[in-house]
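The values are calculated or read from the model by the stated rules, or taken from the named source; none is laboratory data. Everything numeric here is computed off the predicted structure, so don't read it as measured data. Positions of Cβ are generated from backbone atoms using ideal geometry, with glycine treated the same way; all protein chains shown enter the neighbour counts. In case anyone asks, the SASA skips ligands and DNA or RNA and just uses the protein heavy atoms, side chains included. Shrake-Rupley method; radii C 1.70, N 1.55, O 1.52, S 1.80 Å.
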Amino acid sequence: MSRVNFGAKPLMYPQPVLIIATYDENGVPNAMNAAWGITTDFKEITISLSEHKTTDNLANRGAFTVSLATEDQVIACDYVGIESGRKVPDKFEKAGFHATKSDFVDAPLIDELPVALECKVKSFNDGILIGEIVNVSADESVVTDGAVDVKKVKPISFDPFANAYYGIGEKVGNAFKDGAQLK
Ligand SMILES: Cc1cc2nc3c(=O)[nH]c(=O)nc-3n(C[C@H](O)[C@H](O)[C@H](O)COP(=O)(O)O)c2cc1C
């Protein structure tokens, strides 16, 4: 194998495309795109964030939702990653999103994105947001036999090598099971 070096860069694939939604102090919803996030415990999510309208809102409200971006909403999901609610107060509406308040936290769910983690802020220090996952909800249209069906959700991933979004491919295995063949 002959390797090509790219230096010290955040190049990892797949990365999630997370849409963080918050309310501001007046109850106006906002959304932003974040790829530097991952679940870090059973009830915990960690996301690396710079200063945004979203971080202003997190400080005010102490809560957020994280929706999975989808193929059907790729334009809106990218838009909320390249425009700031600090400059465009009706950014959420311009994205074509509609908000429904979460029953669990003081943050909006995005009607157009079917799967969301509903979270309370545990801490935000040195650009690292840690949230407590209070609930996960999914629109019934993407639930089959009591579980979220990712084939119906059609989530997307972020490719930082080429700044591209990809759909999710075919199922290729069973987790916690296939490896047992080699035990
Ligand atoms: C694909 C993609 C991934 C992004 N990931 C992050 C991220 O992980 N952390 C971050 O602080 N900003 C990230 N951004 C940038 C924010 O989404 C962007 O600055 C946005 O305008 C902030 O919105 P707001 O000011 O309305 O909160 C990303 C943008 C895109 C397009």
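Of all the numbered requirements in (1) more than 8 Å from the ligand (Cβ to nearest atom); (2) open to solvent by 20 Å² or more (accessible area, probe 1.4 Å); (3) in contact with a helix residue (DSSP H, G or I) (Cβ under 6 Å, 6 or more places away or on another chain), residue 69 misses one, and that requirement is (2). Determine whether residue 102 is open to solvent by less than 90 Å² (accessible area, probe 1.4 Å), closer than 24 Å to residue 41 by Cα and of a type in the set (Ser, Thr, Tyr). So residue 102 passes the test.
Within the stretch 2-45, count every residue that is open to solvent by 100 Å² or more (accessible area, probe 1.4 Å) and farther than 20 Å from residue 161 by Cα. Looking only at that region, the number is 4. Quick check, is residue 5 assigned to a strand (DSSP E or B) and either more than 10 Å from the ligand (Cβ to nearest atom) or touching a residue at least 12 places away in the same chain (Cβ under 8 Å) (or both)? No; evaluated as a whole, the condition is false for this residue.
Any chance the stretch 89-96 includes a residue that's surrounded by fewer than 17 Cβ atoms within 10 Å (Cβ to Cβ), more than 13 Å from the chain's Cα centre (by Cα) and on the phi > 0 side of the Ramachandran plot? Don't jump to the end; show me each part of the working.
Within the stretch 89-96, the subset surrounded by fewer than 17 Cβ atoms within 10 Å (Cβ to Cβ) is 89-90, 93-94, 96.
Narrowing the set further to residues that are more than 13 Å from the chain's Cα centre (by Cα) leaves 89-90, 93-94, 96.
Next cut, on the phi > 0 side of the Ramachandran plot only: 96.
The answer is yes, given that some residue of the stretch 89-96 is surrounded by fewer than 17 Cβ atoms within 10 Å (Cβ to Cβ), more than 13 Å from the chain's Cα centre (by Cα) and on the phi > 0 side of the Ramachandran plot.
The residues of the stretch 117-150 that are in contact (Cβ under 8 Å) with a residue 12 or more places away in the chain and of a type outside the set (A, V, I, L, M), listed by number, are 118, 119, 120, 122, 124, 127, 131, 132, 135, 137, 139, 141. Out of the residues in the stretch 37-58 that are near the ligand (Cβ under 9 Å from one of its atoms) and charged (D, E, K, R), state the one that is farthest from residue 25 (Cα to Cα). Among them, the one singled out is 51.
Among the residues that make up the stretch 130-137, is at least one of them touching an Asp or Glu at 6+ places or on another chain (Cβ under 8 Å), open to solvent by 40 Å² or more (accessible area, probe 1.4 Å) and within 16 Å of the ligand (Cβ to nearest atom)? Explain how you work it out, then say what you get.
Initially, the stretch 130-137 is screened for residues touching an Asp or Glu at 6+ places or on another chain (Cβ under 8 Å), giving 130-137.
Imposing the further condition that a residue be open to solvent by 40 Å² or more (accessible area, probe 1.4 Å) reduces the set to 130, 132, 134, 136.
In the following step, the residues that additionally are within 16 Å of the ligand (Cβ to nearest atom) were identified as 130.
Yes - at least one qualifying residue is present in the stretch 130-137.
I need a count of the residues in the stretch 156-173 that are open to solvent by less than 50 Å² (accessible area, probe 1.4 Å) and under 30 Å from residue 5 (Cα atoms). Result for the stretch 156-173: 7. Total residues in the stretch 46-59 satisfying the condition of being surrounded by 14 or more Cβ atoms within 10 Å (Cβ to Cβ) and farther than 14 Å from residue 15 by Cβ: the figure is 8.
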